[in-house]
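Worksheet for the structure shown next.
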Amino acid sequence: MARPLSAPRGTRDLLPEDAPAWERMEAIARDLSRRYAFDRIDIPLFERVELFARGLGESSDAVEKEMFRVSGASGSEEERAEWALRPEPTAGIVRAYVEHGLHVRPGPLRLWMLGPMFRYDRPQAGRYRQFSQWDVEVIGDPGPMVDVELIELAHRFFAEAGIRDTVAHVNSIGDAACRPGYRAALVAYFGAHEHQLSEDSRRRLHVNPLRVLDDRLLDPELAAGAPRSVDHLCTSCTEHFATVRDLLDSLGLPYVVDHRLVRGLDYYTRTTFEFFVAGREGQQHALAGGGRYDGLAELLGGRPTPGIGFGLGIDRAVLAAAEQGESPGPQEALVVVVSARTDALEPRLRVGAALREAGLRVRIDGSARKLGRQLESAARLGARWAVIVGEELDRGDVVVRDLQSREQRAVPLATAPELLKQSA
Ligand code: AMP
């Protein structure tokens with residue numbers, strides 16, 4: 001026998017028994033996208049490495065360490081080096097925005113998508129190499145109201161998913177006017193403590209000193225004494241952030257200001273935020289993350305356009321809901337069409353089709369086994385009902401059997417769906 005193969009490290013198969021929990025999260029995401037008036041966008045699973053290098057920044061973990069390069073089966077070395085699986089969706093969405101000239105449409109644009117992202121990170125619980133995100137983006141809106149609208153939206157997602165005690169960590173990391181001053185303050189501070197920094201942080205200190213703050217290895221005392229971005233904001237960024245906090249307060253949305261929350265990517269400006277379950281606030285437990293990226297469109301060759309969005313991890317939402325005892329609820333009732341007549345294949349298909357047309361969830365037993373066997377296997381499949389196709393069909397009737405009470409009666413095929421739906 002050939003040696004069985006396993007799924008690549010850091011990936012997972014979604015087995016049928018896992019699917020209801022996933023579908024529930026996806027359904028909530030789709031429904032909220034609709035209610036908050038977002039339009040769907042889809043972008044390729046892979047893009048040019050250059051897009052991520054420019055958009056996310058060369059020194060971001062996503063580009064520096066976690067890029068999932070696509071190596072095609074053929075093609076030149078050069079061509080193969082050009083592509084990477086998307087580590088996050090914002091760069092691709094803004095690329096599409098610029099490429100298709102979407103700025104001419106009535107704005108702001110509100111876009112959503114759902115799909116897999118790829119990061120070549122060390123796999124561990126809750127951190128995968130392929131994971132799924134629900135993502136929303138608002139392009140062309142400078143805020144601050146929309147910043148809070150998105151935080152409220154993420155809170156609502158968790159509430160509807162049955163994930164309790166979520167808290168938003170928020171911060172403002174300034175803009176092109178005030179960030180340079182803040183960077184200089186960080187370089188001065190961490191420069192004076194360089195020997196206490198990890199190798200990564202020492203290297204990044206002069207490229208992107210903000211990243212030093214989200215180094216997992218950073219000494220907590222050193223972090224606590226570090227300059228805070230809120231103390232370096234220009235007037236307009238200060239006002240923006242004050243309004244964001246005021247609105248969060250007046251809506252009663254749980255949040256804390258987290259001075260270390262700089263987000264890992266270069267494109268963020270002003271408002272940044274991440275979501276956690278209170279008390280489980282380590283990076284690896286983040287349920288969602290996002291922020292404002294007012295400079296990104298320009299960086300990707302478009303005109304200056306403000307934008308803001310977040311990505312919410314479906315895998316982690318499923319885990320968090322399960323940890324809190326939330327279950328996806330009962331499955332829709334199953335109907336199995338059976339028949340004692342081995343010559344009745346066409347009638348079985350016809351009856352099955354009629355029930356499906358009426359919206360029921362239907363399997364058809366196509367076997368020549370005895371009727372009793374067919375009913376047993378329907379029960380084993382978890383079916384609630386069997387619809388028995390026999391001679392009665394000549395009069396337009398089928399026999400509906402309740403697989404729990406074992407009661408059965410003949411009813412017209414035309415009214416069977418009503419009966420099956422009523423008592424599902
Ligand atoms: P990020 O852009 O890294 O903040 O990612 C946004 C959200 O996606 C996070 O808050 C997580 O919920 C989820 N996420 C990020 N990376 C992973 C990963 N490697 N495995 C599973 N979920 C992830």
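If only one of LEU247, LEU222, LEU296 is buried (at least 22 other Cβ atoms within 10 Å of the Cβ) and either without any contact (Cβ under 8 Å) to a residue 12 or more places away in the chain or touching a helix residue (DSSP H, G or I) at 6+ places or on another chain (Cβ under 6 Å) (or both), which one is it?
LEU296
Quick one: which of ALA358, ALA386, ALA354 is away from the ligand (no atom under 15 Å from the Cβ), buried (at least 19 other Cβ atoms within 10 Å of the Cβ) and either within 30 Å of ALA168 (Cα to Cα) or among the aliphatic types (A, V, I, L, M) (or both)? If you could, list the steps in order and put the result at the bottom.
Numbers: ALA358 fails: buried (at least 19 other Cβ atoms within 10 Å of the Cβ); ALA354 fails: buried (at least 19 other Cβ atoms within 10 Å of the Cβ).
The match here is ALA386.
Filter the stretch 43-59 down to the residues that are outside any strand (DSSP E or B) and under 20 Å from the mean Cα position of the chain (by Cα), then identify the one that is modelled with the lowest pLDDT.
LEU56
Applying the selection to the stretch 1-35, what residues are surrounded by 15 or more Cβ atoms within 10 Å (Cβ to Cβ) and polar (S, T, N, Q)?
SER33
I'd like to know if the stretch 176-195 contains one or more residues that are assigned to a loop (DSSP other than H, G, I, E, B) and touching a Lys or Arg at 6+ places or on another chain (Cβ under 9 Å). Working first, answer last.
At the first step, the residues of the stretch 176-195 found to be assigned to a loop (DSSP other than H, G, I, E, B) are 176-178, 192-193.
The next check asks that each one be touching a Lys or Arg at 6+ places or on another chain (Cβ under 9 Å); those that pass are none.
Among the residues of the stretch 176-195, not one is assigned to a loop (DSSP other than H, G, I, E, B) and touching a Lys or Arg at 6+ places or on another chain (Cβ under 9 Å), which makes the answer no.
Please work out which one of (1) over 29 Å from LEU319 (Cα atoms); (2) touching a Pro at 6+ places or on another chain (Cβ under 6 Å); (3) within 16 Å of the ligand (Cβ to nearest atom) is the condition PRO142 fails and give its number.
Status for PRO142: all satisfied but (3).
Specify the residue that is nearest to the ligand (Cβ to nearest atom); the eligible residues are those in the stretch 117-135 that are closer than 18 Å to ALA320 by Cβ and hydroxyl-bearing (Ser, Thr, Tyr).
TYR128
Could you please let me know if LEU265 is under 25 Å from ASP121 (Cβ atoms), modelled with pLDDT of 95 or more and buried (at least 23 other Cβ atoms within 10 Å of the Cβ)?
In short, no.
So how many residues does the stretch 342-362 have that are in contact with a helix residue (DSSP H, G or I) (Cβ under 8 Å, 6 or more places away or on another chain) and either acidic (Asp, Glu) or closer than 16 Å to GLU332 by Cα (or both)?
5
Please give the number of the condition SER377 fails out of (1) closer than 29 Å to HIS285 by Cα; (2) part of a helix (DSSP H, G or I); (3) polar (S, T, N, Q).
Of (1) closer than 29 Å to HIS285 by Cα; (2) part of a helix (DSSP H, G or I); (3) polar (S, T, N, Q), only one is false for SER377: (1).
When you scan the stretch 99-157, how many residues do you find that are in contact (Cβ under 8 Å) with a residue 12 or more places away in the chain, of a type in the set (A, V, I, L, M) and out of contact with any helix residue (DSSP H, G or I) (no Cβ under 9 Å at 6 or more places or on another chain)?
Here the count works out to 4.
Residues to consider are ASP215, ASP200; find the one that is touching an Asp or Glu at 6+ places or on another chain (Cβ under 9 Å), closer than 27 Å to HIS285 by Cβ, without any contact (Cβ under 8 Å) to a residue 24 or more places away in the chain and assigned to a helix (DSSP H, G or I).
The unique qualifying residue is ASP200.
Residues in the stretch 302-312: is at least one of a type in the set (Lys, Arg), surrounded by fewer than 15 Cβ atoms within 10 Å (Cβ to Cβ) and out of contact with any His (no Cβ under 6 Å at 6 or more places or on another chain)?
Yes.
Can LEU334 be described as within 16 Å of the ligand (Cβ to nearest atom) and touching a strand residue (DSSP E or B) at 6+ places or on another chain (Cβ under 9 Å)?
Working: within 16 Å of the ligand (Cβ to nearest atom): no; touching a strand residue (DSSP E or B) at 6+ places or on another chain (Cβ under 9 Å): yes.
Spelling it out, it is not the case that LEU334 is within 16 Å of the ligand (Cβ to nearest atom) and touching a strand residue (DSSP E or B) at 6+ places or on another chain (Cβ under 9 Å).
Per-residue answers, yes or no, for (1) at pLDDT 95 or above; (2) under 27 Å from the mean Cα position of the chain (by Cα); (3) not hydrophobic (A, V, I, L, M, F, W, C):
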{"residue": "TYR120", "(1), (2), (3)": "no, yes, yes"}
{"residue": "PHE158", "(1), (2), (3)": "yes, yes, no"}
{"residue": "ARG164", "(1), (2), (3)": "yes, yes, yes"}
{"residue": "VAL187", "(1), (2), (3)": "no, no, no"}
{"residue": "PHE190", "(1), (2), (3)": "no, no, no"}
{"residue": "GLU199", "(1), (2), (3)": "no, no, yes"}
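So is ARG380 out of contact with any strand residue (DSSP E or B) (no Cβ under 6 Å at 6 or more places or on another chain) and under 12 Å from ALA340 (Cα atoms) or not?
No, not satisfied.
Taking only pairs six or more apart or across chains, which ones have beta-carbon atoms under 6 Å, a first residue in the stretch 41-61 that is farther than 25 Å from TRP134 by Cβ, and a second residue that is at pLDDT below 90 and part of a helix (DSSP H, G or I)?
Short answer, once both residue conditions are applied: ALA53/VAL63; SER59/ARG204.
Among the residues of the stretch 320-343, is any closer than 30 Å to GLY282 by Cβ, buried (at least 22 other Cβ atoms within 10 Å of the Cβ) and modelled with pLDDT of 95 or more?
Yes - at least one qualifying residue is present in the stretch 320-343.
Can you give me the ranges of the strands (runs of 3 or more DSSP E) entirely in the stretch 219-318 with at least 2 residues that are within 30 Å of ARG202 (Cβ to Cβ) and more than 15 Å from the ligand (Cβ to nearest atom)?
255-257, 269-277
A quick yes/no check of all residues on (1) basic (Lys, Arg); (2) more than 30 Å from GLU392 (Cα to Cα):
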residue	(1), (2)
HIS285	no, yes
ALA333	no, no
ARG356	yes, no
VAL362	no, no
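The values are calculated or read from the model by the stated rules, or taken from the named source; none is laboratory data. From a predicted model like this one, the values you see are computed outputs, not experimental measurements. Note: ideal-geometry Cβ built from the backbone for every residue, glycine included; neighbour counts use all protein chains shown.
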